[in-house]
Every structure is written in C-alpha cells, then in structure tokens.
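Asks: Below: one structure in structure tokens.
The values are calculated or read from the model by the stated rules, or taken from the named source; none is laboratory data. All of these numbers come straight from a predicted model, not from anything done at the bench. Virtual Cβ from ideal backbone geometry, glycine too; neighbours counted across all protein chains shown. To get the accessible areas, we keep the full protein, side chains included, count just its heavy atoms, and leave off ligands, DNA and RNA. Shrake-Rupley method; radii C 1.70, N 1.55, O 1.52, S 1.80 Å.
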Amino acid sequence: MAESTNPASLHEYSQLVRSVMEARLEGRTPLAFTHTYGCQGNVSDGERINGMLAEMGFDFTDSPEKADFILYNTCAVREHAEDRVFGNVGALKNIKRRNPNLIIALCGCMVQQEKIANKIYSSYPHVNLVFGTHVINRFPELLYKTLTGGKRVFELSQADNSICEDMPVRRDGNIKAWLPIMYGCDNFCTYCIVPHVRGRERSRDAANILQEARELIAAGYKDITLLGQNVNSYAVKNAVSSDGEEWNFPKLLRAIDEIDGDYTLRFMTSHPKDCTAELLTAMAECKHTAHHLHLPVQCGSNRVLKAMNRRYTREKYLELVKLARKKMPDLSLTSDIIVGFPGETYEEFCETLDLIREVKFTSLFTFIYSPREGTPAAKMEDPVSHEEKARWMGELLKLQESISAERCASMIGTRQRVLVENVDSDGMLACRTGGNVIVKCEGDASLTGTFAECEITSARNWILGGKIL
Ligand code: SAH
Ligand code: SF4
Ligand code: F3S
C-alpha cells in the first residue's frame, strides 16, 4: 500500500484561513461556489475539497455572484471538457471586476498539464490560485498563501506517491457515496490523458477503506461505489497493507460485503484485461454487490484495440461477458465506447456495432475520439473527418436506443428491488435498480433513501415506469 502522510498542517492552515477570512469579512460567514467536472474520482476529490472549505469556515452558495471564493475542479479527458472551463473562467472576469476581493481558484486534471497552466497564468490574470491533482491536501495552505502573500499561487508539483488520509469530507448527498480505493493509472491507453495528469497507480490501505465503508454504512448511506481507474488492479503494485495482510480486489470486495447493513455495493471502473473469474465469483457470492458491471470495451476491432493499447481482444471480451452472465444471469452490463479512434475505418467501426448487437448492453457512454496532446494517439494519422465520425456516432446511438428499448420492454411485469433516490419535479419517485436502470414510480416522498420492491408497469424508450408494492 502507498504510504500515508497525515500532515497536521492541513488543519492548522485551515484555522489560519478561518482567521484571515473572519478579519476580511468582519465576521460575516464566507461563501464558496465550487463546481466539479469529470469522472466520479474527481467528484470524490471535490467532496474532500468542500470538506476542507467547511473546516475553513465557509458556507456554500449556488451563485457565483454571491461567492467570496470560486473554484472549478477540472477534467482533461476530452477537449470539450476543457473548453467549457475556459468559457466559465473567462466569464468570471466580470464578477471579479464587481468584487475585487473575490478569490478564483482552479484545480484538477486540466491544470496539471503544463501548457494549460501556462495559458491560465498568462491569459487569465484574474485567477488567483491554481493547484494540481497531487497536492489537494495542501489546499488550505495554498489558499492561506494566496490570501496573505499578495501574489498569485501556482502549485503543480508531482506526487511523492503518498496518499493523504486526513482530509475532511463534505459529501454531496446522503444516499449515494463515492469511496476511492486507489488513485492514478498505469495503463497508458494511447488515447488517454489520465495517467499523465493523475500519476502512477497507488492503492489505499485496506484498513482505511474498510473504516470509511463502516462509517458510510453506519451513517445510513445506501449505495456505495468503490472508485479507481482500474479497480481490478487494486493492491497489485503494493499488496501488503498495514495490517500485514495481502490484498487484492476480490478480497476487498468480500471484506466490505461482510459489514452488516442495508446497502448496495458497486465499483468502477473494471478494466477487461484484469477482470478475473475470481472477481466475478466474488461479485456473484457477495450479498450486497449489485449485479451491475461497467466494463468499458472502447471498440470491437482487434486492430484498433491493439492501437489503443487496451491489451485484450474482442474474443477475450466476449468470453468474459459470457462467463459473467453464467455466474450472474441477471447481470446488467454497461460500457464506454470511443468512436473514430485515429485510423479507424468504417469497417472497423462496424465491428463495434456487431459487438454491441451481440452483448446487448443496458446502456453505453459514447464519445467521439478527442486528441489529447502528449498522448501517442494524438500523433497518429486521423484521416476521417469529424462530420463522418458524428455520422457513425448517430448510427451507434440509434442501435443502442433500440437495444435499450427492447431490454426495458422485456422488464415489464417483473419485480425489481429499487433504491428510491429522490422526488422528481413532476412528483414521481426517481428510483434505481441494482442493474443501474432508472424507474419512475408513483409513491410517497417519505420513501426517499430506502429500498423498495416495485413492479415494472411500463417502458417508454429506455425509461421504466413502475408501482411500489
Ligand atoms: N479508466 C477507465 C476510463 C476512464 S476515462 C477505463 O479504462 O475504462 C472514461 C472514458 O472516457 C473512457 O473509458 C473512454 O471511453 C473515454 N475517453 C478517454 N479518453 C478519451 C479521448 N481522448 N477521446 C474520447 N474519449 C475518451
Ligand atoms: Fe485511461 Fe486506460 Fe487508464 Fe482508463 S485504463 S484511465 S482509459 S489509461
Ligand atoms: Fe477527467 Fe481527470 Fe477524471 S481527466 S475523467 S477528471 S481522472
């Protein structure tokens, strides 16, 4: 396991920031506006950043105009994600003009790229604080320096590979919780920026994960998702934890599952190259694990998979799906697809369509390939136009829509155990099945945050309707 650092200074700096803000605002409670882009891992970081802000005495606002502190926690996975941040940060110039004391901060994957950090430094002078993915735990210290040092603070140093276990957390909800089990990625898929901005793979100590899981379950959380870029390689790099035991992901899943309580356990993301029969067996045998597997395939052509450095074949993937369904006949499978990887031909894209037809996923996350500077794929020849790729995407979406609709229709008349997540604006209960399918039910708002049995009564495209039994 990666070594933990618990600098007392995190909390000391929080108190220092609190005093500075108290003096600045003459006792008024400071308000923070924070927004996170990107994956669940980033959302989880955002919850720790909000935890630190709360410790520093901040309250939260949904309105940037009212804020004393604004932070965007950014994502770099596709160009579109970065464009949105630049747009939003540009727009803050006017707010800053009206409120010169406003502190504007950026953190997350996007700013960890040197070129982007330089662009912010030179073209967005109203941004006061920029910090990277490796120094999140130093946020109170960096904010203190920004408030008192009289100059802009940019801190993008790389990790010493330690994991900070000492950050307070302010979770976004009280029903679903994210539980990070590892950070970084060592897989270097050729299209992907994540290993470049998040650093090397490191696993949290099992004892700390189990402790956090116990706390979440005791606090009444009903849906817990274990997070990592490739959870299947949990503890592979450093298997022995502080308790002297040797761990791997199936063992961790079973250990968490042993904790008593009324909750569902999920995990993501599971890389097909490391998904083993041992994991599928553990999933099938655990009482709390949802029979939902997010298993990103990316594409259906072996040539393209190789060029992506995914390290499995279409055949291996299909075999895995078969094995998983044998162990869990009710398994719901979801996946990620990239359309238009450099050099992908229409015929190769059709192999992806074929695979989708064969597997019949519950749902898909689909992306048109976006070149990321510094990755090998960005240097590959990419002759197909964006318009052409968008047409392919349209074809894929149409296919998946019909598969999802067919799957949903086949669920009519079945009984499902669902978690009632919230009440929609139309007064209907928004519920989720173990397989991660949304069901809208009529019912009492007091059921929110509980598990209920429901009968599926209708399916309109891929939205299910049901009634609580
Ligand atoms: N670790 C996960 C994926 C994390 S990124 C895994 O390996 O499955 C989430 C998804 O974004 C990826 O699965 C991929 O489909 C997509 N993605 C990543 N880089 C991309 C790029 N450059 N262009 C388009 N989509 C990309
Ligand atoms: Fe990116 Fe591949 Fe790592 Fe997933 S496994 S984060 S796609 S490099
Ligand atoms: Fe984006 Fe970083 Fe996650 S690039 S997808 S926020 S790891």
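Asks: Take residue 275 and tell me if it is open to solvent by less than 30 Å² (accessible area, probe 1.4 Å), touching a helix residue (DSSP H, G or I) at 6+ places or on another chain (Cβ under 6 Å), away from ligand 3 (no atom under 16 Å from the Cβ) and over 19 Å from residue 189 (Cβ atoms).
Replies: Values: open to solvent by less than 30 Å² (accessible area, probe 1.4 Å): yes; touching a helix residue (DSSP H, G or I) at 6+ places or on another chain (Cβ under 6 Å): yes; away from ligand 3 (no atom under 16 Å from the Cβ): yes; over 19 Å from residue 189 (Cβ atoms): no.
It is false that residue 275 is open to solvent by less than 30 Å² (accessible area, probe 1.4 Å), touching a helix residue (DSSP H, G or I) at 6+ places or on another chain (Cβ under 6 Å), away from ligand 3 (no atom under 16 Å from the Cβ) and over 19 Å from residue 189 (Cβ atoms).
Asks: Step by step: first the residues of the stretch 324-371, then only those that are within 10 Å of ligand 1 (Cβ to nearest atom) and among the aromatic types (Phe, Trp, Tyr), then the one that is farthest from the chain's Cα centre (by Cα). Which residue is that?
Replies: Across the stretch 324-371, the extreme among qualifying residues is 341.
Asks: Suppose we filter the stretch 179-233 for residues that are more than 11 Å from ligand 1 (Cβ to nearest atom), under 17 Å from the mean Cα position of the chain (by Cα), of a type in the set (Gly, Ala, Ser) and crowded, with 22+ Cβ neighbours inside 10 Å; how many remain?
Replies: 1
Asks: Restricting attention to the stretch 372-392, does a residue exist that is more than 25 Å from the chain's Cα centre (by Cα), touching a residue at least 60 places away in the same chain (Cβ under 8 Å) and open to solvent by 40 Å² or more (accessible area, probe 1.4 Å)?
Replies: Yes: the stretch 372-392 contains one or more residues that are more than 25 Å from the chain's Cα centre (by Cα), touching a residue at least 60 places away in the same chain (Cβ under 8 Å) and open to solvent by 40 Å² or more (accessible area, probe 1.4 Å).
Asks: Next question. Could you list, in sequence order, the residues of the stretch 259-318 that are at positive phi and small (Gly, Ala, Ser)?
Replies: 261 - this is the single residue of the stretch 259-318 that is at positive phi and small (Gly, Ala, Ser).
Asks: Residue 160 - would you say it is more than 14 Å from ligand 1 (Cβ to nearest atom), touching a helix residue (DSSP H, G or I) at 6+ places or on another chain (Cβ under 8 Å) and either part of a loop (DSSP other than H, G, I, E, B) or at pLDDT 95 or above (or both)? Steps first, answer last, please.
Replies: Numbers: more than 14 Å from ligand 1 (Cβ to nearest atom): yes; touching a helix residue (DSSP H, G or I) at 6+ places or on another chain (Cβ under 8 Å): no; either part of a loop (DSSP other than H, G, I, E, B) or at pLDDT 95 or above (or both): yes.
So residue 160 does not fit the description; no.
Asks: Determine which single condition residue 66 fails, assuming it passes every other condition in (1) touching an Asp or Glu at 6+ places or on another chain (Cβ under 8 Å); (2) at pLDDT 95 or above.
Replies: (1)
Asks: Identify all residues within the stretch 111-139 that are surrounded by 20 or more Cβ atoms within 10 Å (Cβ to Cβ) and small (Gly, Ala, Ser); write none if there are none.
Replies: Within the stretch 111-139, 132 is the sole residue that qualifies.
Asks: Being assigned to a loop (DSSP other than H, G, I, E, B), closer than 29 Å to residue 34 by Cα and free of Cβ contacts under 8 Å to residues at least 24 places away in the same chain is the requirement here; does residue 244 meet it?
Replies: Numbers: assigned to a loop (DSSP other than H, G, I, E, B): yes; closer than 29 Å to residue 34 by Cα: no; free of Cβ contacts under 8 Å to residues at least 24 places away in the same chain: yes.
Answer is no for this residue.
Asks: Find the helices (runs of 4 or more DSSP H) located wholly in the stretch 34-131 whose residues include 3 or more that are closer than 24 Å to residue 200 by Cβ and within 16 Å of ligand 1 (Cβ to nearest atom), and list them.
Replies: Hits in the stretch 34-131: 40-55.
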